Amino acid sequence: MKERGDTVLGWLKRLTQDNYHERLSEYVDGRLSATETAKVEAQLAASDEARTEVAELRAVADLLHGTPMVEAPRSFALSHAPLPLAHAPRQHRQGLRGLSMATAAAVLALVVVTSADIAGLAGDATDTPTTGAVETAFAPEAGDGTLMDASKQESLFTPAEVQPPVIQEAPSNDLGFVEESTVIDWLRLSLSILAGALGLATLVLFWMPARPLT
Amino acid sequence: MGLPIMTTPDYNEADDHLLMQRAQGGDLAAFNAIVERHQKHAYNLALSILRDPSAAEDATQEGFFSAYRAMGRFNGGNLRSWLLTIVANRCRDVLRSPQRKRNSSLEAFTEAGDPGGIWRDPSHTPEEAALQNETVNTVHAALAKLPEDQRLIISLVDLQGMDYEEAARITNVSLGTVKSRLSRGRDRLRTVLRPILELSGDLPRPDEGKG
């Protein structure tokens, strides 16, 4: 690794030297290929310094190989089978179970709300109010608060003006369909966030007990 | 097909994988046979990382407990490497632990004159034992002065006789890193141990010719 204040040339030189020492160390262990071994041996034939280094490295390696390992101070055999870690941290496991159930409940609620929205409430929202109600709600007034009779109404509307889109757009607000849909959207969003957060927490808690074993 | 019935001598003879297979089936004696077989390597590894006999003892024991719990995840390969990786991880946890106390280093331990006599070979005469003990103490004291990463690789390769690949697996570093740490560690030891190598006549004299 390049050190502070080190020139690029110096760093490259050190890198080459490191590589050279590594090669000699591997040579002592007999780990070089035939080609590399031949190269190192040519170097050894040409350099006293290289020969001394190899001799010293070999002496160190032999000394270390001959050094006995420390005896174990006692037997590490287990007197009993330890409890699996899955049973040991009870608090974690209980917390995990609770979180899993909460996640499942949130997902279930999300499914119910979404299904209801698609099957029921969405259907209501597209329902056309009964013709009578619309007629009553939008029957033009005669000016004195009473409703005009049908013959007069007919003369006030052209056929284009009584097309359903014009009549249906206004009451959708008046009848509260938009507000219901917004509430469901919010409910769905909240449940999605809740289920996501709980699911994530469950995963984290599930992963935690496994760490010490690795 | 069930596994064959085994007696204690059979456990001593059995191959690691057969023992592990039995241990995975709930045979504690088989697991303990594995422990007995590899505990010396495990303890030496822990000692080379922690440099504290007491902490190394605890870490080794905890490592074997962890290995027992995790053995369901062992799916072949080199069992010794797998066990030693667990012990090495346990030692790293100990090193990171804020409660770790460094009041009993191996350096201090060796300087105290090997109080437990753990390196002594009973087959040697008292004189030989004293000489061997001195050499061993010097080597371990020199090792204790190496940076931790170099000491660990030297311990695995040169003291425990593992190949580079196994050392790389246990320490979770690349083969290139193993080579580099081994080379640097040996280079430092070459300087520190030169006096005893010269005394023992293991070094060639400067006037010795090539070949």
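The values are calculated or read from the model by the stated rules, or taken from the named source; none is laboratory data. Not measured: the values here are computed from a predicted model. All Cβ positions, glycine included, derive from the backbone under ideal geometry; neighbour counts span all protein chains shown. For the accessible areas, the whole protein counts, side chains as well, though only heavy atoms, and no ligand, DNA or RNA atoms are used. Shrake-Rupley method; radii C 1.70, N 1.55, O 1.52, S 1.80 Å.
Things worth noting here:
- Expected-Rg normalisation [2.2 N^0.38 Å, Cα atoms] applied to the stretch B:50-95: 1.15
- What the phi angles of the stretch A:42-49 give under the Karplus curve with 6.51, -1.76 and 1.60, with θ = phi - 60°, is a coupling list of 5, 5, 5, 5, 9, 10, 5, 4 Hz, glycine and proline written as x.
- Each residue of the stretch A:103-111 is assigned a 3J(HN,Hα), and the resulting list reads 4, 4, 5, 5, 5, 4, 4, 4, 5 Hz, derived from the Karplus form 6.51 cos²θ - 1.76 cosθ + 1.60 (θ = phi - 60°), x at Gly and Pro.
- Interface A-B: total buried accessible area of about 4600 Å², 1.4 Å probe, protein heavy atoms only.
- Looking at the stretch B:29-64, none of the trypsin sites (Lys or Arg not before Pro) sits in a DSSP loop with at most 12 other Cβ atoms within 10 Å of its own Cβ.
- Summary of packing: across the peptides A:185-192, B:27-34, B:56-63, the per-residue average of other C-beta atoms within 10 Å ranks them, highest first, as B:56-63, B:27-34, A:185-192.
- The distance linking the stretch B:131-188 with the stretch B:57-74 is 24 Å (Cα centroid to Cα centroid, whole angstrom).
- Look at the stretch B:47-55: the mean tally of other chain Cβ atoms within 10 Å of its residues' Cβ atoms is 1.
- Computed from the Cβ-Cβ distance with R0 of 51 Å, the FRET efficiency linking residue B:173 to residue A:41 stands at 0.95.
- Considering only alpha-carbon pairs that sit under 8 angstrom and 6 or more positions apart, the relative contact order computed for the stretch B:29-103 is 36 percent.
- Residue-by-residue Karplus 3J(HN,Hα) for the stretch B:25-34, coefficients 6.51, -1.76, 1.60, Hz, glycine and proline x: x, x, 8, 5, 4, 5, 5, 5, 5, 5
- Listing of the stretch B:56-96 residues, each with accessible area lower by at least 40 Å² in the full protein assembly than in the chain alone (probe 1.4 Å): B:57, B:61, B:65, B:68, B:69, B:73
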